[in-house]
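Engineer: Dropping a structure here in structure tokens format, bear with me for questions.
The values are calculated or read from the model by the stated rules, or taken from the named source; none is laboratory data. Just so it is clear, the structure is predicted and the values come from calculations on it, not from any experiment. Positions of Cβ are backbone-derived with ideal geometry, glycine not excepted, and every protein chain shown enters the neighbour counts. Accessible surface areas use protein heavy atoms only, side chains included; no ligands, DNA or RNA. Shrake-Rupley method; radii C 1.70, N 1.55, O 1.52, S 1.80 Å.
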Amino acid sequence: MKHLTLITSSILFALLSGCDDDVKVVEKDVVVTNTTVEVVEVPTPVIVEVAKGEAPDIQLGTRADYLINDMAKSDLKTKLESCADGPFYRTDFSIGHRGAPMQYPEHTKESYIAAARMGAGIVECDVTFTSDKELVCRHSQCDLHTTTNILAIPELAAKCSVPFTPANAASGTPASAKCCTSDISLSEFLTLEGKMDGANTQATTIGEYMQGTPSWRTDLYATNGTLVTHKQSIELFKSLGVKMTPELKSPQVSMPYEGMTQQQYAQKMLDEYTQLDVPSSDVYPQSFNLADVKYWINNNPDFANQSVYLDGRDSEAGFDPSTPATWQPSMEELVADGVKILAPPIWMMLTIDNESNIVPSQYAIDAKAAGLELIAWSLERSGPLNEGGGYYYQSIADVIDNDGDMMTVVDVLAQDVGVMGIFSDWPATVSYYASCNKMPASI
């Protein structure tokens, strides 16, 4: 601490002139008589104004800037450009799909941390189980051969449901393998390392087979992916201050499994949140199996309002998001069953009007009319959009031709469809948009 004697009022004016422009200086006659002022040296606070509550600063990197620069000239582009200096904050509108798997191995500690630091207010753990019925985070019960190093560990590779078979160029047979969490115990699972999801189906060796990362992703951060159990993910998410959306994955083994029924499996997932003192308001349990969702609604009232039905009915023959008669059950029937949140793929909620604008589909319009909240999946999962964007953008492929269109899609989903959140493989993109539009902060 320092002491000084204030001699004239000019010193006071000089101090004030260095403050923020928002400070209003009022001039008054002041009589100063040998007053001692204590000057305490403290850090200058950074105030982040958010739409609701408080949230920490987040780190978005440069991808959002790249996407905005790639946009065609429009009012939306001008608006987004005006937010380049932030402030940016965490919102529940931004959901980390498997973490941040565009560049980090999915469902790993590293991927989850990256998602939270990019402003995801909600992060996903897909839930499946090991041979000893312990819950772990994996997108599929049988994806260990493409998402981990299991094939490089001979004693564990020997336990895989289907061992590695090299490609046979003469017969045209691709390389293959199938390794499941149910093939190994929890302790064995935790010895594995996560890698970027992918496989080289032309491979003749295990080493070649494991080198299948798509060219638009990267292996730069894939050298030591840390796998986690479901409970470990909960503890990690609590420490990161994010909400949680566990997805109960469909078993690829016959149920009941070792005495565990499907309903016991569904209940076990929720019980682990209760055991670890997580408020039900911080959890959005989800499943593609409507029976799982109805079980939660009917047997776990604390979790009922936030149970999410993931809509994968587009895999059914005849399904058409523009034709309500092909939706079984209907939107009204889902509501009657207690469903409050519906989560379809992005393309099912979008279509193109006569002026080539991206607009809400009949599916989206009817869902909102029935009183359903909507969540979209999954942004930035298909790679570059200059060739139409792939599966997630199939209904609007005719008007997509550059990466900047990603922001247009986000804008239509947010403003016209009215989704409550967007899953993304790179949450920073959605976080930028949400902060720029002053959406509520995650609290």
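Engineer: Got at least one residue in segment 181-202 being open to solvent by less than 30 Å² (accessible area, probe 1.4 Å), farther than 25 Å from Trp377 by Cα, among the β-branched types (Val, Ile, Thr) and not in a loop (DSSP other than H, G, I, E, B)?
Structural biologist: Checking segment 181-202: not a single residue is open to solvent by less than 30 Å² (accessible area, probe 1.4 Å), farther than 25 Å from Trp377 by Cα, among the β-branched types (Val, Ile, Thr) and not in a loop (DSSP other than H, G, I, E, B).
Engineer: Restricting to segment 248-283, what's the tally of residues that are open to solvent by 30 Å² or more (accessible area, probe 1.4 Å) and in contact with a strand residue (DSSP E or B) (Cβ under 6 Å, 6 or more places away or on another chain)?
Structural biologist: 1
Engineer: Please specify each residue of segment 367-410 satisfying the condition of being open to solvent by 40 Å² or more (accessible area, probe 1.4 Å) and acidic (Asp, Glu).
Structural biologist: Glu373, Glu387, Asp398, Asp401, listed by residue number.
Engineer: Suppose we keep only residues that are among the β-branched types (Val, Ile, Thr) and open to solvent by less than 10 Å² (accessible area, probe 1.4 Å) within segment 341-352. Which one would you say is farthest from Asp398 (Cα to Cα)?
Structural biologist: Per the stated criteria, the residue is Ile341.
Engineer: Looking at (1) crowded, with 19+ Cβ neighbours inside 10 Å; (2) not in a helix (DSSP H, G or I), which is the only condition Leu151 fails?
Structural biologist: If we test Leu151 against (1) crowded, with 19+ Cβ neighbours inside 10 Å; (2) not in a helix (DSSP H, G or I), just (2) comes out false.
Engineer: Still on this structure, please answer the following. So the check is Cβ under 7 Å with 6+ separation or different chains; which pairs have a first residue in segment 212-225 that's over 16 Å from Arg381 (Cα atoms) and a second one that's of a type in the set (Asp, Glu)?
Structural biologist: Tyr221/Glu110; Asn224/Glu193; Gly225/Glu110; Gly225/Glu193
Engineer: Further, regarding this structure: Residues that are of a type outside the set (A, V, I, L, M, F, W, C): which helices (runs of 4 or more DSSP H) entirely in segment 238-320 hold 3 or more of them?
Structural biologist: 262-275, 290-299
Engineer: I want to confirm something. Restricting to segment 44-67 and keeping residues that are touching a Phe, Trp or Tyr at 6+ places or on another chain (Cβ under 8 Å) and at pLDDT 95 or above, which single residue is most open to solvent (accessible area, probe 1.4 Å)?
Structural biologist: Taking the candidates together, the pick is Arg63.
Engineer: Could I ask something else about it? Step by step: first the residues of segment 321-340, then only those that are β-branched (Val, Ile, Thr) and in a loop (DSSP other than H, G, I, E, B), then the one that is surrounded by the most Cβ atoms within 10 Å (Cβ to Cβ). Which residue is that?
Structural biologist: Val339
Engineer: Tell me, yes or no, whether segment 394-408 has at least one residue that is in contact with a strand residue (DSSP E or B) (Cβ under 6 Å, 6 or more places away or on another chain) and on the phi > 0 side of the Ramachandran plot.
Structural biologist: No: zero hits.
Engineer: Could you tell me which numbered condition Asp401 fails, if it satisfies all but one of (1) out of contact with any Asp or Glu (no Cβ under 7 Å at 6 or more places or on another chain); (2) farther than 26 Å from Met102 by Cα; (3) of a type in the set (D, E, K, R)?
Structural biologist: (2)
Engineer: While we're looking at this one, here's another question. Thr213 versus (1) open to solvent by 40 Å² or more (accessible area, probe 1.4 Å); (2) within 30 Å of Ala169 (Cα to Cα): which is the lone unmet condition?
Structural biologist: It is condition (1) that Thr213 fails.
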